[in-house]
Amino acid sequence: MTEEKDVLILAVETSCDETAAAVVKDGREVLSNVIYTQIALHTLYGGVVPEIASRKHIEKINQVIEEALEQARVTLEDIAAIAVTYGPGLAGALLVGVSAAKAISFASGIPLVGVHHISGHISANYIEYKDLEPPFVCLVASGGHSHLVIVKDYGVYEIIGRTRDDAAGEAFDKAARAIGLGYPGGPKIDRISREGNPEAIPFPRAKVAGNEYDFSFSGLKSAVLNYLNSCRMKGVEICQADVAASFQKAVVDVLVEHSLHAVKEFGFHKFAIAGGVASNSSLREAFERECGKRKIAFFHPSPALCTDNAAMIGAAGYYEYKKGVRSGYDLNAVPNLKL
């Protein structure tokens with residue numbers, strides 16, 4: 001009986017402001033994971049500037065792909081398929097990655113597999129936890145998304161909750177800007193919150209009529225702005241650490257409550273987190289504690305695999321490739337791609 005050959009996926013990710021490429025073996029083992037981040041560049045503007053992001057991707061994409069192959073000590077001849085994020089994300093940024101992947105596929109004859117960015121985030125858990133298999137519940141919390149998802153099988157999802165307005169990461173960025181911490185908001189609020197009192201200010205925890213698993217963070221963001229404006233008008237000193245800690249606690253409470261309610265109601269014993277906000281230390285500690293109390297197995301990728309990277313796209317791409325999914329050269333960027 002012949003031994004099954006390892007499947008190596010070359011993955012490309014350019015959905016926002018990270019130019020990333022990776023080589024992933026059999027969907028679980030990362031041979032290389034190269035990321036060029038543009039955070040320092042966009043910090044000057046207080047957020048991601050799409051046109052600048054696209055131009056930087058064009059500058060860096062070939063270099064990043066070459067480095068990923070070099071670090072993995074493989075050539076294109078060893079690659080079974082090229083996986084690329086085609087949505088959701090910034091249109092111009094996505095187009096750079098999709099165009100590069102299509103060009104390599106066309107020139108080499110290697111199959112092309114389009115991957116959903118959110119599917120990639122969820123699949124980061126397969127890299128970190130080699131034995132994790134569906135089904136389970138996953139919270140995807142990032143700058144653009146707050147999804148509560150039942151992972152029925154590899155690449156098969158049912159969204160049971162989503163944000164009605166701001167995503168969790170977006171709320172972090174807006175609150176950080178209002179407090180005066182700057183960009184990127186998530187890591188800065190996480191850091192300063194350690195010095196603050198999370199019970200100092202009673203910010204609201206929104207309930208959404210019609211779906212107990214949906215999220216809404218717009219009201220919380222407004223409450224932060226109103227509190228800050230009120231303090232300034234009254235000449236009251238603002239403690240940045242207290243405001244940040246109280247805001248963060250309000251977000252964490254809602255994410256934890258909705259997620260674990262879903263795990264219980266749907267009868268699961270496995271729960272995972274994914275996305276940039278999943279690297280927040282307060283959120284991870286809260287889930288660790290509450291899942292422990294409820295005897296729920298808790299899966300959380302290391303922070304480097306929570307933020308945008310290509311290894312997660314390689315993991316997701318592997319399972320799509322194994323299912324026989326192949327994309328044509330008409331594959332296009334879909335900025336608002338639904339899961």
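The values are calculated or read from the model by the stated rules, or taken from the named source; none is laboratory data. Every value quoted in this text rests on a predicted model; they were computed, and no experiment measured them. Virtual Cβ from ideal backbone geometry, glycine too; neighbours counted across all protein chains shown.
Scanning segment 176-185 for residues that are among the small types (Gly, Ala, Ser) and closer than 18 Å to Ala223 by Cα gives Ala176, Ala178, Gly180, Gly185.
Before we move on, is Ser246 buried (at least 22 other Cβ atoms within 10 Å of the Cβ) and in contact (Cβ under 8 Å) with a residue 60 or more places away in the chain? No.
Per the conditions (1) within 21 Å of the chain's Cα centre (by Cα); (2) touching a residue at least 40 places away in the same chain (Cβ under 8 Å); (3) crowded, with 21+ Cβ neighbours inside 10 Å, the sole criterion not satisfied by Asp214 is (3). Considering only residues in segment 159-193 that are closer than 11 Å to Gln240 by Cα and part of a loop (DSSP other than H, G, I, E, B), the one that is nearest to the chain's Cα centre (by Cα) turns out to be Leu181.
Does Ile58 fit the bill of being touching a helix residue (DSSP H, G or I) at 6+ places or on another chain (Cβ under 7 Å), on the phi < 0 side of the Ramachandran plot and part of a loop (DSSP other than H, G, I, E, B)? Don't jump to the end; show me each part of the working.
On the way: touching a helix residue (DSSP H, G or I) at 6+ places or on another chain (Cβ under 7 Å): yes; on the phi < 0 side of the Ramachandran plot: yes; part of a loop (DSSP other than H, G, I, E, B): no.
So Ile58 does not fit the description; no.
For segment 238-273, a residue qualifies if it is touching a helix residue (DSSP H, G or I) at 6+ places or on another chain (Cβ under 6 Å), among the small types (Gly, Ala, Ser) and part of a helix (DSSP H, G or I), and the qualifying residues are Ala241, Ala244, Ala245, Ala250. For Gly219, the conditions (1) under 21 Å from Ala167 (Cβ atoms); (2) in contact with a helix residue (DSSP H, G or I) (Cβ under 8 Å, 6 or more places away or on another chain); (3) at pLDDT below 95 are fulfilled apart from (2).
Out of segment 247-264, which residues are among the charged types (D, E, K, R) and closer than 16 Å to Ala176 by Cα?
We begin by selecting, within segment 247-264, every residue among the charged types (D, E, K, R); these are 249, 253, 257, 264.
Once the filter is applied, which keeps residues that are among the charged types (D, E, K, R) and closer than 16 Å to Ala176 by Cα, segment 247-264 yields only Lys249.
Pairs are defined by a Cβ separation below 6 Å, a sequence spacing of at least 6 or placement on different chains, a first member in segment 40-53 that is closer than 18 Å to Thr14 by Cβ, and a second member that is part of a helix (DSSP H, G or I) and among the aliphatic types (A, V, I, L, M); the pairs so defined are Ala53/Ala93.
Residues checked against (1) among the β-branched types (Val, Ile, Thr); (2) in contact with a Lys or Arg (Cβ under 6 Å, 6 or more places away or on another chain); (3) within 19 Å of Lys130 (Cβ to Cβ):
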site: Val252; (1), (2), (3): yes, no, no
site: Leu260; (1), (2), (3): no, no, no
site: Gly267; (1), (2), (3): no, no, no
site: Ile313; (1), (2), (3): yes, no, yes
site: Lys338; (1), (2), (3): no, no, no
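Looking across segment 288-339, the residues that are of a type outside the set (Phe, Trp, Tyr), in a helix (DSSP H, G or I) and surrounded by 22 or more Cβ atoms within 10 Å (Cβ to Cβ) come down to Leu305, Cys306, Ala311, Met312, Ile313, Gly314, Ala315, Ala316, Gly317, Glu320. In segment 249-283, of all residues being of a type in the set (Lys, Arg) and without any contact (Cβ under 8 Å) to a residue 60 or more places away in the chain, the one that is surrounded by the most Cβ atoms within 10 Å (Cβ to Cβ) corresponds to Lys249.
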